[in-house]
Structure formats: C-alpha cells, structure tokens
Amino acid sequence: MISIQEQDLNSKQKDQKFIKCVVWDLDNTLWDGVLLEDKEVSLRKNIINLIHTLDNRGILQSIASKNDAATTIAKLEEFGLTEYFLYPQINWNSKASSLQEIAKLLNIGMDAIAFIDDQLFELEEVQFSCPQILCINADKINYILDMPIMNPRFITEDSRIRRLMYISDIERQNAEKEFVGATDEFLATLNMNFTISSAQEEDLQRAEELTLRTNQLNTTGYTYSYDELNHFRQSKKHKLLIASLEDKYGSYGKIGLILIECQPKLWTIKLLLMSCRVMSRGVGTIMLNHVMSLGKSNNVRLLAEFVPNDRNRMMYISYKFAGFNEIEKNGNSVIFENNLTRIQAVPGYVQFQVID
C-alpha cells in the first residue's frame, strides 16, 4: 500500500525550499524492534551515517516517539546519540502535537519539518493535522540524503555548528528562566558582542543561506543567489552588510543581512533579515539604527521596502518602532520612509563594532 505521503513526496519537495529539522520516530524507524517489548533493540543499518550527515549539513534533528521517556533516553545514551536530538518529545501524546511542540521550541515553520515514521496511521494523522509537514515512511530513509530539500547548496561553518549553537541557546534560555531581575539586566550578563561589516566574498555562502532559511524575520521574503549577492557586494550602487553576534555562551554565527540600493540622494533598504534565534536580543534595532546613521551621515532620504506575508509581521513592527512611516503602497508591497530625526543609541548591554 502506498500512502498519501509517498504519493505527494515529489510535489512537496518542489514546494519546499529546504528542511530545517528531521524528526524521527524510534521503534522500527531509528532502531529495529519495539523498546518496551525488547530492551535489546539495535540501530538500523546506516542510521549513524544518516544522523551524522544531516547534522553536518546543518539540518537539526529531534524525536517524536510514543515511549517511556526514562527508558528511551537511557537507550539513546547507550547508543551515543542523545546530543543529536533537540527538544525530543518522548511521551504518549499524538505525534502531531509533539511535532507542533518541536516547531514552537525551535521557532521554525511547520513546513520546515520532515517526519519519519514506520506506521502509516501515524503518518496520515500527522498529514491530516499538520499538512505542511513532509511525512516520510521509514522504509524510504535510505533515500533521504538524496532529496533536494535535504541538500543545501552550501555547507557553511554556521551549518556545521548549527546544532551546537542551538544547544548554547538552550543554556541561555535556562539561565534566563532562573534569572531574577529585568530583561535588560539579564542581557547585560551575556556580554554580547555585535558586529556589522561589509560582506566579503567568504561571507556569501552564508548570506545566500540566510536569504533561503530566514522566513519570519525577513522584510521582503526575497531570496538571492551567491552570484547575485556577489554582484551587490561589488556594486557601487549597493551596500551589502552582514551581522554576527557572540556572547559568553558562544557564537550565534552570522545572523543578519542588509541590502541597500544607493542612489545619489536616495537609499532604499531592499532586504533586512535576521535569524529567529536572536529575536529577543534587540539586535534588529541595532541593525536598523546603524543604517539610519549611515543614511544621515550621507545626507540621503532613507526608504525601505516591505512585502507582508503570513510570517513576517514582526518586521513590520520593527520598522514602525524604528520610526519608519508608510508613504506608498504598490500592490502587496509597502514603502516606508524614515526622516532620520530619531536614531536610538546602541543598548548599553551590547558591545557594538563596525568593520568597513
């Protein structure tokens, strides 16, 4: 019997840009056998290679399994795999609810998740409840590394350490939960160092990846190829800026990108995006105010394009908070302008550096 998921697999791959997280079932999927019936389950052939390869490509992994949590974690530790799975959902809830929880905790869209299970009932229940998720039957797992949506064009340094950066995020979140005091006081304990620089050729692979991966905090949803970004980098009519962030827990990597079209008396922000992982750190405001300062020092009008979608409302709010006002609507797009009279200082809890 061929499931609906398998029939739609090719069309879903065409519709999706890439997968950000692969979520595994365990019994008869990650390993052969049912753990509660046989404590001596064994990993499926080639599964270690699959997990390591996905991890190296920057694809996160998690678990949605109906099992006893303590027994399951012990078995994963025995196999040396615990560290590869972020926010594992091992409980007796529906797989759909577990997947929704994983998406929420990772702060990614449901359409960025692939779910692998051996039970057609589970796959069909997930597809019914969460149709955006790509469902894959466990008997197809040896083909997943060849799927276009599992193959980012570039594997950057940020890709290779993405899981470790998320683990650092979990440490930060735990520290924030335990901290007693105002948000700014907690942020001051992080010793954040934020850098904005002109994008160099070695930054372009990550820059392309950012335009492809960032959906929620992207002002236009535009994506740009390596070659297009290289053109903007070298163009006298454009500025391409890239931002990075680190703190005492480690590096967030390259987390922001700004593309500005520069005419003699008019600059237009064509793209402003930042990683969802830094949403609560206030760095989007720093990026915007830096561009505003540049515009003021160059004595130009500063406009910004915004194309709304069902995910980027936060970026609309960011423009409004930064003092941008709507001056024009053209179809689905909005043009903002900032009069550059209210440029906020960099928060005192951030060390800010500009590299030309």
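The numbered conditions (1) touching a strand residue (DSSP E or B) at 6+ places or on another chain (Cβ under 6 Å); (2) assigned to a loop (DSSP other than H, G, I, E, B) are all true for Glu326 except (2).
Is there a residue being among the aromatic types (Phe, Trp, Tyr), surrounded by 20 or more Cβ atoms within 10 Å (Cβ to Cβ), under 14 Å from Cys21 (Cα atoms) and within 21 Å of the chain's Cα centre (by Cα) anywhere in segment 144-166? For segment 144-166, residues among the aromatic types (Phe, Trp, Tyr), surrounded by 20 or more Cβ atoms within 10 Å (Cβ to Cβ), under 14 Å from Cys21 (Cα atoms) and within 21 Å of the chain's Cα centre (by Cα): absent.
Being crowded, with 21+ Cβ neighbours inside 10 Å and touching a residue at least 60 places away in the same chain (Cβ under 8 Å) is the filter; apply it to segment 287-305 and report the residue that is nearest to Leu217 (Cα to Cα). It comes out as Met287.
Residues are listed down the side, and each one gets a yes or a no for (1) touching a His at 6+ places or on another chain (Cβ under 9 Å); (2) outside the structural domain of Gln200 (by TED's automatic domain parsing); (3) of a type in the set (Ser, Thr, Tyr); (4) within 26 Å of Ile327 (Cα to Cα):
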| site | (1), (2), (3), (4) |
| --- | --- |
| Gly221 | no, no, no, yes |
| Ser225 | no, no, yes, no |
| Lys236 | no, no, no, no |
| Ser251 | no, no, yes, no |
| Glu261 | yes, no, no, yes |
| Thr268 | no, no, yes, yes |
| Arg277 | no, no, no, no |
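With respect to the conditions (1) within 23 Å of Glu202 (Cβ to Cβ); (2) buried (at least 23 other Cβ atoms within 10 Å of the Cβ), Phe324 falls short on a single one, namely (1). Counted as qualifying within segment 211-321 are the helices (runs of 4 or more DSSP H) with 3 or more residues that are over 19 Å from the mean Cα position of the chain (by Cα) and either among the hydrophobic types (A, V, I, L, M, F, W, C) or over 20 Å from Ile335 (Cβ atoms) (or both), namely 226-234, 283-297. For segment 141-160, taking the residues that are in a loop (DSSP other than H, G, I, E, B) and of a type in the set (S, T, N, Q), the one that is nearest to Asn49 (Cα to Cα) is identified as Asn151.
The single condition from (1) touching a strand residue (DSSP E or B) at 6+ places or on another chain (Cβ under 7 Å); (2) small (Gly, Ala, Ser); (3) buried (at least 21 other Cβ atoms within 10 Å of the Cβ) that Ser318 fails is (1).
Looking only at segment 221-275, residues that are exposed (fewer than 15 other Cβ atoms within 10 Å of the Cβ) and of a type outside the set (D, E, K, R) come to 8 in all.
Check off (1) touching a residue at least 24 places away in the same chain (Cβ under 8 Å); (2) over 27 Å from Cys276 (Cβ atoms) for Phe121 and give me the number that stays unchecked. Every condition holds for Phe121 apart from (1).
In segment 34-53, how many residues are touching a residue at least 12 places away in the same chain (Cβ under 8 Å) and assigned to a loop (DSSP other than H, G, I, E, B)? Selection size over segment 34-53: 6.
Looking at the structure I just gave you, is Val350 within 26 Å of the chain's Cα centre (by Cα), at pLDDT 90 or above and farther than 26 Å from Leu245 by Cα? When the stated conditions are applied, Val350 does not pass them.
Total residues in segment 306-317 satisfying the condition of being without any contact (Cβ under 8 Å) to a residue 60 or more places away in the chain and in contact with a helix residue (DSSP H, G or I) (Cβ under 8 Å, 6 or more places away or on another chain): the figure is 1.
Note on segment 236-250: among residues that are out of contact with any helix residue (DSSP H, G or I) (no Cβ under 7 Å at 6 or more places or on another chain) and without any contact (Cβ under 8 Å) to a residue 40 or more places away in the chain, the one that is nearest to Cys262 (Cα to Cα) is Lys237. Residue count for segment 59-95 under the criterion of being on the phi > 0 side of the Ramachandran plot and touching a helix residue (DSSP H, G or I) at 6+ places or on another chain (Cβ under 8 Å): the result is 1. Note on segment 164-219: residues that are touching a Ser or Thr at 6+ places or on another chain (Cβ under 7 Å) and on the phi > 0 side of the Ramachandran plot amount to 0. Residues that are under 18 Å from Arg311 (Cβ atoms) and touching a Lys or Arg at 6+ places or on another chain (Cβ under 8 Å) within segment 99-129 comprise Leu106, Asn107, Ile108, Gly109, Ala112, Ile113, listed in sequence order.
Against the conditions (1) more than 28 Å from Asn289 (Cβ to Cβ); (2) in the same structural domain as Gly256 (by TED's automatic domain parsing), where does Ala188 fall short? Just the number, please. Status for Ala188: all satisfied but (1).
The values are calculated or read from the model by the stated rules, or taken from the named source; none is laboratory data. Just so we're clear, the structure is a prediction, and the values are computed from it rather than from any experiment. Glycine also receives a Cβ, built like all others from the backbone with ideal geometry; neighbour counts cover every protein chain displayed.
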